[in-house]
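K.L.:
Next up is a structure, given as structure tokens.
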Amino acid sequence: MEEKIHIRTHIALTPFEPGDKPNLVLYLNDPVLYRNTLRIPSPYTDADAEQWLNIASENRALYGRTYNWAIRHTEHGVIGGIGAFLRTGVDGHLDEIGYWLGEPFRGQGIATDAARVMCAWLFETRPALVRIEAKVHSDNPASVRVLEKAGFEREGFARKHTIKNGELIDVILMARIRE
């Protein structure tokens, strides 16, 4: 069964594949992505890409479907990623998403479209899901705007919520509720 969620004419969400490693290393070695995410290491190495591809494959086998999607361009290959954390399990009422997009593709609405489509797919495939959250570092207004355009609302500000490199980081809680 081919898994593919179309976003635009040349862009779709697809499972990650072993051949994605070069693009993962290329795009994830970005100081902006490193600063705005918790789990992307810097530098991002071939070993990191291999580990991620294994995790994505194992999760796909475990759940019987993809929840960590590659944002794939027909010409450029993988240009980003978006996924669900399955915080309360596949049958839970609450989940969280995270996403990233390679620098050359930012500012074109791709992340907004991916988040919008991902949320619609999550609500469609998980009947018990009523709430999708995203936590954004407070100094990342671009990501807040992506989520707002994708139907999320600001719900709160959590001071000193996260630690990265020994620094306490404030986050903005965003949520989208099933209509």
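The values are calculated or read from the model by the stated rules, or taken from the named source; none is laboratory data. These numbers were taken from a predicted model, which means no experiment stands behind them. Because the Cβ atoms are built from the backbone with ideal geometry, glycine has one as well, and the counts that use them run over all protein chains shown.
K.L.:
For segment 44-60, how many residues are under 12 Å from Pro22 (Cβ atoms) and of a type in the set (A, V, I, L, M, F, W, C)?
P.N.:
The qualifying residues number 2.
K.L.:
Now for a different question. What's the total number of residues in segment 73-105 that are in a loop (DSSP other than H, G, I, E, B), surrounded by 16 or more Cβ atoms within 10 Å (Cβ to Cβ) and within 14 Å of the chain's Cα centre (by Cα)?
P.N.:
Applying the first criterion (in a loop (DSSP other than H, G, I, E, B)) to segment 73-105 yields 74-76, 85-93, 102.
In the following step, the residues that additionally are surrounded by 16 or more Cβ atoms within 10 Å (Cβ to Cβ) were identified as 86, 90, 102.
From what's left, within 14 Å of the chain's Cα centre (by Cα): 86, 102.
Going through segment 73-105 one residue at a time, the tally reaches 2.
K.L.:
Give me the pairs: first residue in segment 106-117 and free of Cβ contacts under 8 Å to residues at least 60 places away in the same chain, second residue buried (at least 21 other Cβ atoms within 10 Å of the Cβ) and in a loop (DSSP other than H, G, I, E, B), beta-carbon distance under 8 Å, and six or more apart or on different chains, which are they?
P.N.:
Correct list of pairs: Thr112/Ala150; Ala115/Ala150; Ala115/Phe152; Arg116/Ala150.
K.L.:
Filter segment 145-166 down to the residues that are closer than 20 Å to Met118 by Cα and aliphatic (A, V, I, L, M), then identify the one that is surrounded by the fewest Cβ atoms within 10 Å (Cβ to Cβ).
P.N.:
Only one residue tops the list, namely Ala150.
K.L.:
Let me ask something else. Just give me the residues in segment 25-68 being without any contact (Cβ under 8 Å) to a residue 40 or more places away in the chain, hydrophobic (A, V, I, L, M, F, W, C) and surrounded by 15 or more Cβ atoms within 10 Å (Cβ to Cβ), in sequence order.
P.N.:
Listed by number, the residues that qualify are Val25, Ala49, Trp52, Leu53.
K.L.:
Considering only residues that are over 24 Å from Val136 (Cα atoms) and of a type in the set (A, V, I, L, M, F, W, C), look in segment 1-11 and name the one that is surrounded by the most Cβ atoms within 10 Å (Cβ to Cβ).
P.N.:
At the first step, the residues of segment 1-11 found to be over 24 Å from Val136 (Cα atoms) are 1-6, 8-11.
If we keep only those that are of a type in the set (A, V, I, L, M, F, W, C) too, we end up with 1, 5, 11.
Numbers: Met1: 4, Ile5: 15, Ile11: 22.
Per the stated criteria, the residue is Ile11.
K.L.:
Since Arg126 meets every condition but one in (1) surrounded by fewer than 17 Cβ atoms within 10 Å (Cβ to Cβ); (2) more than 14 Å from the chain's Cα centre (by Cα), which condition does it not meet?
P.N.:
It is condition (1) that Arg126 fails.
K.L.:
A follow-up question, please. Does Glu179 satisfy the criteria of being out of contact with any strand residue (DSSP E or B) (no Cβ under 7 Å at 6 or more places or on another chain), surrounded by fewer than 17 Cβ atoms within 10 Å (Cβ to Cβ), at pLDDT 95 or above and not in a strand (DSSP E or B)?
P.N.:
no
K.L.:
Quick one: which residue in His161, His137 is more than 23 Å from Ile55 (Cα to Cα) and more than 17 Å from the chain's Cα centre (by Cα)? I'd like the intermediate steps shown before the answer.
P.N.:
Numbers: His137 fails: more than 17 Å from the chain's Cα centre (by Cα).
His161 is the lone residue from the list that is more than 23 Å from Ile55 (Cα to Cα) and more than 17 Å from the chain's Cα centre (by Cα).
K.L.:
Right, next: Let me confirm something: among Arg39, Arg106, which residue is among the basic types (Lys, Arg) and modelled with pLDDT under 95? Can you show your working first?
P.N.:
Details: Arg106 fails: modelled with pLDDT under 95.
Answer to the selection: Arg39.
K.L.:
Within the set of pairs 6 or more residues apart or between chains, which connect a residue that is at negative phi inside segment 157-179 to a residue that is of a type in the set (Phe, Trp, Tyr) and surrounded by 12 or more Cβ atoms within 10 Å (Cβ to Cβ) with Cβ atoms less than 8 Å apart?
P.N.:
Matching pairs, first to second residue: Met174/Phe152; Ala175/Phe152; Arg176/Phe152; Arg178/Phe123.
K.L.:
To continue, here is another question. Just checking, how many residues over segment 134-143 are outside any loop (DSSP other than H, G, I, E, B) and closer than 13 Å to Tyr99 by Cβ? First the steps, then the outcome.
P.N.:
So the first thing to find is which residues in segment 134-143 are outside any loop (DSSP other than H, G, I, E, B), and the list is 134-137, 141-143.
Remaining after also requiring closer than 13 Å to Tyr99 by Cβ: 134-136, 142-143.
Residues in segment 134-143 being outside any loop (DSSP other than H, G, I, E, B) and closer than 13 Å to Tyr99 by Cβ: 5 in total.
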